Amino acid sequence: MSSPESVQMEEVRRRSQSLLSSSGSAQDVKVEVQTMAALLLPLSEKYRHLGVEAMLADNTTCRNTQEVLESLSRLVKALSILEKYGCNLTSPARPRYWRSVKHNNPVFRTTVDAIKGGRTVLFLYGYTSQQLDGLSFPDDVTKPDVGKVAAVTLEVMTLRTEVDMLIKGTHPHPDNFRDIIPFIIQQDKPETDVVVEEQPADKPALDPGGQPLKTPTASDCSLCGAAASSLVCPSCDGQTFCDACDDLFHRLPSRANHRRDKTQKAQPVVGICTICGISAVHAQCSTCAQRLCENCDKLFHSHPDRRAHSRAVVTKTSSPSLSPWECAHCTTVNETRAVLCATCERPRLAASAVQENLASVPTSPSAEWRCKSCTVANQGSSILCEVCERPRLATRPPVAPVPSGPGPPSESGAKWMCQYCTYVNNSPTVACEMCNLSSRDSAGASLPQSLQQTASSAKDQPPQPGPRGDLEAKRQKTMREDGLHLVQQIREAERRGVSAEEVYAAICMCGGGSNTNPCDWLTSELPHLLDEICAMAASVQVERDGEEAEPSEPGVPDEGVKLSRAEAKLAWLSARGDTDRAVRQLLRDRQVKMKELHSLGFRDALRSEEALRLSGGDVKGALSLLQRPLLEPFHQRIWADQPEPPIDPKHPDKQRMCRRLLALYDLPSWGRCELVLALLQEPDITSSLEDVVQAVKESQDKDFIRRLLINECPCCLSIFPRSKMQSLTSCQCSVCHECFGQHFTVAVRDKHIRDMVCPVCGEPDINDSEQLDSYFSTLDIQLRNCLEPDVYGLFHKKLTEHALMKDPKFLWCCHCTSGFINDGDQLKVTCPSCCRSFCAQCKKPWEPQHQDLSCEQFQQWKRDNDPDYQRQGLAGFLKDNGITCPSCRFQYALTKGGCMHFSCSQCRYQFCSGCNNPYHKTVCKAAQCSYPGLHAHHPRDCLFYLRDWELPRLQALLQRNRVDFNVDPSDAAQADACCVMEQKDEAGHQIDSPCGLQAEPGQAGLCEKHYKEYLVSLVNAHSLDPAPLFEPSELTRACERYLVDTQRGADGEDDDLYHARLLKKLMEVPLGETVPRNK
């Protein structure tokens, strides 16, 4: 059954924890903390989070009572700082940099870091991440655990209050600490020897029986026992209460109607000056209600407005006893002569935090105030002077007497003590011999005035030698020698890569008087010592904050646990060479690490211990070792040779499929993954997963994606996605990759390079040289990845030949189909392929008679003297005037009769054999021409039009212009059949063969078709215009064809005049410029 104290402790703890968690103010729980500190309970029950016994024992390892009290004072300061850290974390308005605590902070370094267990409290607050310059919360923690921080902060406040009461000797139960803190002495309360005058109350109070009750004087509160009482309640048996306890105690409805009276307040203690707070009271001013020392009284009442104040000298029964004073803000007990609080650095007379919050806003918060010591104007919000750092209310210090001799004290030859290391220097040096700091600020300069006067008076007197002085000098010399020896050892260790902490621990282990070199000891003996520490730690059971841990707790290592040397070394260094403390520290560290691993989900204690041992106590390394078996199946699946299972769009785990799509195909968002799965489930989508993913990457519009996925190839009529279709730059047609590759493979192997056009529309126009060049430059890039290497090489070879044909010096051999570049300027050239000669100008086989003759003279000579040429008759004439390609200048010994659409077998140039104009498959570049089909623009004297005339009409045109023509065949020529060579299409191939048609009389041994060609060649050779023989209908059509205005005159123009005018305009249109006009 729980004791009443335990029940009360639990109730007060719960209430105070709730208050602190909501407000974050230490003043709100001050009464509860005083109550918890005064309860008689075991420390293990009172402090659940803090290891109070270990903290007090570690911080009070001293040799006498004075050192114990000093250690406890340092502990109180450190706990006050830790209390501030906790209140900042629980406050609703946390500071900006609440996540970290810096080690280089001077307050932290001189308070929290100066005691044992300070960082443990920070770890309980949540500062568990070790940084280079301090501690911080882990990165994944967004806000502190306010409940836990409030509970730890309350224990810190309670411990500070108890230690403070132990120092002051007011602790109600000091026996609880006799076995923990050595040399503990219960101190009596200080008594005052100042006369206190009592004043009667205005109205006496009545007790419950109706009898007058004597109003008590101001004393401690009956509940908290710490604050001064201000009210007395007759209904509660005359108990006295402070304001905070009265508000809490009479909040109960059954006590809300109690009548309370104010207690009789005692006259202020006539002891300490109310301005400087140091000197004893000399006079009391009834006008301004101030108690002043002699100096403050002279300075304060020197003002003209205060000179007439009535002051009375205070009488004392004895000299005032100077007692320590308690800070009203943080309740720290400070020394009597201290002006500022040692913890919060607030002035002695500063108001408490509650009073500061309730105080009204000053009329001018930014008003400046002038320091009375150095007369520097300071900001209104500052408490200390920026220059001399004296309090705002401090008076001007008395003028120190001028020394007899100028210069520092060292010049007089007296000894002086360094204010930094307390070393007594004998020689008159400017810097201390031990710490090398300046002696300008001597110890006496920082002492109070009374002590300075004592020191100065002692300086004036000559030093008196004695036994005590000899011992002190010897002690100083020994301390100096030991310090220099230690510095040498540390420097030597740094050169050998040993830290100063290791040297110090080795010296503590070996003993100060040992001659063993610490570095040698660390090399030879430290490994054995670390093994011994590990063995000792494995054979004992760790204790947690003085309580035995449960065997089933996962964070506690059992017997036989294996510890690493790295952990043992860290514990040994933190214990400063103490083996027993190192064992305890090692087990505590291991316990914390085991709990951390347990909180991360690793419940197997044996595996966690082994991982910590292998990682040298590093938690991150242990996590890596523990997570490796868990990730092994994942690694096996990644590195396995088995292929990944395909993504099933109908899989029930939709999120898993989306995650796989994100990992494998680098989709931009989760919504695109869901869109891929939705499209794959549609019945009309037959594309593969890769095709759908590629389409989704391009757009997120479903309709547009469907158009991308469903495209019909015009060659094979199959459905393909847009990503698997290929387009040429010359048109908008798209075919699949397979048809694209097959089409151009066949074109390169079996056709001319000009046949490599679009398989659908036949674009581009091969007769346009500019368009053809740009087309081949882009086609080369497209064919590089879709053709076989040998086919692609053949394409480049044909492309090179096509470029060579544009050279003006390029010649085709008339004996074979080879071409070459002729760099000479002679008529006779020899083909490098067949080694046969021909004329470079007329392209006729070379004959000796051609030497020194022009081509026209040689042709006339053959007509007159060559029997073979004469035997051919007009067929030889037509052969000599055959077809010449206007693009590559290759000559064909063929006639022009028959189909006028001629295709060159060398360059695939398509042209009219009568006028050499190109044939266009699509809309051409001619002005006002919109014909989309195959066409050519023939002049009016082209064989294309004149072949439709009758023979008499053509003969009449020649006779009109006095041009002779043949009507009878030659004697050697055959008169029964036409023997003119022409190009014929047989079984899909074009071959050259004789015409073979019947020759009629009067046609010079030729058929009608070739005889017309002969007559038209004469018309073209003499540049005769056939327009004068046009019929009216032919004249009108010709005018329309050549864009001649055919409108009649406005005054009813006669037909003859109209036709004459049209004929005149038509004849102004020039004849064909490209028509062959050989004679």
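Details
- The stretch 263-278 - residue that is at pLDDT 75 or above and within 15 Å of Pro391 (Cα to Cα) and, of those, nearest to the chain's Cα centre (by Cα): Ile275
- Verdict on Pro633 being in contact (Cβ under 8 Å) with a residue 24 or more places away in the chain and open to solvent by 60 Å² or more (accessible area, probe 1.4 Å): no
- From the list Phe776, Phe744, Phe795, Phe810, the one residue that fits, being among the aromatic types (Phe, Trp, Tyr) and closer than 28 Å to Glu690 by Cα, is Phe744.
- Flag for Gln959 being assigned to a helix (DSSP H, G or I), of a type in the set (S, T, N, Q) and either touching a helix residue (DSSP H, G or I) at 6+ places or on another chain (Cβ under 7 Å) or open to solvent by 10 Å² or more (accessible area, probe 1.4 Å) (or both): yes
- Filtered by the rule that a residue be open to solvent by 60 Å² or more (accessible area, probe 1.4 Å) and in contact with a helix residue (DSSP H, G or I) (Cβ under 6 Å, 6 or more places away or on another chain), the stretch 494-535 gives Arg496, Glu501, Thr516.
- Sole residue being touching a Leu at 6+ places or on another chain (Cβ under 7 Å) and not hydroxyl-bearing (Ser, Thr, Tyr), chosen from Val12, Val31: Val31
- Any hit, the stretch 1023-1032, residues being among the hydrophobic types (A, V, I, L, M, F, W, C), out of contact with any Leu (no Cβ under 7 Å at 6 or more places or on another chain), closer than 26 Å to Ser930 by Cβ and open to solvent by less than 90 Å² (accessible area, probe 1.4 Å): yes
- Verdict on Gln17 being under 29 Å from Arg588 (Cα atoms), open to solvent by 10 Å² or more (accessible area, probe 1.4 Å) and in a helix (DSSP H, G or I): yes
- Scan of the stretch 1057-1079 for residues that are of a type in the set (A, V, I, L, M) and modelled with pLDDT of 80 or more, ordered by number: Leu1057, Ala1060, Leu1062, Leu1063, Leu1066, Met1067, Val1069, Leu1071
- Answer from Cys924, Cys904 - the residue that is open to solvent by less than 30 Å² (accessible area, probe 1.4 Å) and under 60 Å from the mean Cα position of the chain (by Cα): Cys924
- Of the criteria (1) buried (at least 19 other Cβ atoms within 10 Å of the Cβ); (2) assigned to a helix (DSSP H, G or I); (3) in contact (Cβ under 8 Å) with a residue 40 or more places away in the chain, which one Arg749 fails: (1)
- Checklist (1) free of Cβ contacts under 8 Å to residues at least 40 places away in the same chain; (2) hydrophobic (A, V, I, L, M, F, W, C); (3) in contact with a helix residue (DSSP H, G or I) (Cβ under 8 Å, 6 or more places away or on another chain); (4) within 21 Å of Asp948 (Cα to Cα) applied to Leu1062, failing item: (4)
- The residue that is most open to solvent (accessible area, probe 1.4 Å), counting only those in the stretch 566-602 that are over 15 Å from Val619 (Cα atoms) and among the charged types (D, E, K, R), is Arg576.
- When the stretch 82-108 is filtered for residues that are part of a helix (DSSP H, G or I), touching a Phe, Trp or Tyr at 6+ places or on another chain (Cβ under 7 Å) and among the hydrophobic types (A, V, I, L, M, F, W, C), only Leu89 remains.
- Single unsatisfied condition, Glu763 versus (1) open to solvent by less than 30 Å² (accessible area, probe 1.4 Å); (2) at pLDDT 75 or above; (3) of a type in the set (Asp, Glu): (1)
- Qualifying residue in the stretch 59-78 (condition: farther than 21 Å from Phe108 by Cβ, open to solvent by 40 Å² or more (accessible area, probe 1.4 Å) and among the charged types (D, E, K, R)): yes
- Within the stretch 1049-1061, tally of residues that are in a loop (DSSP other than H, G, I, E, B) and within 27 Å of Ala926 (Cβ to Cβ): 0
- Qualifying residues in the stretch 827-850 (those that are among the charged types (D, E, K, R), touching a Cys at 6+ places or on another chain (Cβ under 8 Å) and not in a strand (DSSP E or B)) - the one surrounded by the most Cβ atoms within 10 Å (Cβ to Cβ): Lys843
- When residues in the stretch 701-737 are screened for being assigned to a helix (DSSP H, G or I), open to solvent by less than 60 Å² (accessible area, probe 1.4 Å) and either in contact (Cβ under 8 Å) with a residue 24 or more places away in the chain or among the aromatic types (Phe, Trp, Tyr) (or both), 3 of them pass.
- Residue that is nearest to His901 (Cα to Cα), among those in the stretch 970-995 that are open to solvent by 50 Å² or more (accessible area, probe 1.4 Å) and either modelled with pLDDT of 75 or more or in a loop (DSSP other than H, G, I, E, B) (or both): Gly988
- Subset of the stretch 230-261 that is open to solvent by 20 Å² or more (accessible area, probe 1.4 Å) and touching a residue at least 40 places away in the same chain (Cβ under 8 Å) - its residue that is nearest to Lys30 (Cα to Cα): Ala244
- The one condition in (1) assigned to a helix (DSSP H, G or I); (2) touching a Leu at 6+ places or on another chain (Cβ under 6 Å); (3) not hydroxyl-bearing (Ser, Thr, Tyr) that Asn1020 fails to fulfil: (2)
- Condition met for Thr161 (in contact with a Pro (Cβ under 8 Å, 6 or more places away or on another chain) and either modelled with pLDDT of 85 or more or crowded, with 21+ Cβ neighbours inside 10 Å (or both)): no
- Yes/no for Gly546 being surrounded by fewer than 18 Cβ atoms within 10 Å (Cβ to Cβ) and at pLDDT below 85: yes
- Pairs where the first residue, in the stretch 132-148, is surrounded by 15 or more Cβ atoms within 10 Å (Cβ to Cβ) and the second is aliphatic (A, V, I, L, M) and not in a loop (DSSP other than H, G, I, E, B), C-beta under 7 Å, 6+ apart: Gly134/Val101; Leu135/Val101; Leu135/Leu122; Pro144/Leu89
- Count of residues meeting criterion [part of a loop (DSSP other than H, G, I, E, B), open to solvent by 60 Å² or more (accessible area, probe 1.4 Å) and free of Cβ contacts under 8 Å to residues at least 24 places away in the same chain] in the stretch 807-826: 5
- Gly86 being open to solvent by 20 Å² or more (accessible area, probe 1.4 Å), touching a helix residue (DSSP H, G or I) at 6+ places or on another chain (Cβ under 7 Å), modelled with pLDDT of 85 or more and within 18 Å of Asp164 (Cβ to Cβ): no
The values are calculated or read from the model by the stated rules, or taken from the named source; none is laboratory data. Quick caveat: nothing in here was measured; it's all calculated off a predicted structure. Positions of Cβ are generated from backbone atoms using ideal geometry, with glycine treated the same way; all protein chains shown enter the neighbour counts. Quick note on the areas: whole protein, heavy atoms, side chains included, nothing else; ligands and nucleic acids left out. Shrake-Rupley method; radii C 1.70, N 1.55, O 1.52, S 1.80 Å.
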